[in-house]
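These notes concern the structure reproduced below.
The values are calculated or read from the model by the stated rules, or taken from the named source; none is laboratory data. This is a predicted model, so every value here is computed, not measured. Using ideal geometry, Cβ is built from the backbone for each residue, glycine included, and neighbour counts are taken over all protein chains shown.
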């Protein structure tokens, strides 16, 4: 089972998104745990994460957060500004296969990462 952390400043936005991601993942049969986290709690939670999703309002801190995630072998993505909208959770769930594959690269293994969805392979032009 994969662990995906969603971090925002105080945890309110990430809690809402984590709830929507859990529901969407269940419908899609994705075996993952979605946890919201605050910046202050990130140090304790990050070592158990496979993927760190960073709230869009933390963009100025993204490089530092990405480096911290790489240090523990977790893939990282900056969430788009519309992620809290009606289809934001679906967009994140669509991207998870790429993030799982990236996590395998960051961790230095091929692990049990599923192949990326067609058209979402690294280098496929989707940035």
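Scanning the stretch 6-24 for residues that are closer than 14 Å to residue 96 by Cα and touching a helix residue (DSSP H, G or I) at 6+ places or on another chain (Cβ under 6 Å) gives 6, 21, 24. Taking first residues from the stretch 6-30 that are within 14 Å of residue 87 (Cα to Cα) and partners that are in a helix (DSSP H, G or I), the Cβ contacts under 6 Å between residues at least 6 apart in sequence or on separate chains come to 20/89; 21/89; 24/89; 24/93.
Taken over the stretch 31-79, residues that are part of a loop (DSSP other than H, G, I, E, B) and either crowded, with 20+ Cβ neighbours inside 10 Å or touching a strand residue (DSSP E or B) at 6+ places or on another chain (Cβ under 8 Å) (or both) amount to 7. In summary, residue 97 fulfils each of the numbered conditions (1) at pLDDT below 90; (2) in contact with a strand residue (DSSP E or B) (Cβ under 8 Å, 6 or more places away or on another chain) with the single exception of condition (2). If I filter the stretch 85-104 down to residues being under 20 Å from residue 15 (Cα atoms) and free of Cβ contacts under 8 Å to residues at least 12 places away in the same chain, which single residue comes out as surrounded by the most Cβ atoms within 10 Å (Cβ to Cβ)? Among them, the one singled out is 91.
To keep it simple, each residue is scored yes or no on (1) touching a helix residue (DSSP H, G or I) at 6+ places or on another chain (Cβ under 9 Å); (2) surrounded by 12 or more Cβ atoms within 10 Å (Cβ to Cβ); (3) part of a loop (DSSP other than H, G, I, E, B); (4) modelled with pLDDT of 85 or more.
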| position | (1), (2), (3), (4) |
| --- | --- |
| 83 | yes, yes, yes, yes |
| 111 | yes, yes, yes, no |
| 119 | no, no, yes, no |
| 123 | no, no, yes, no |
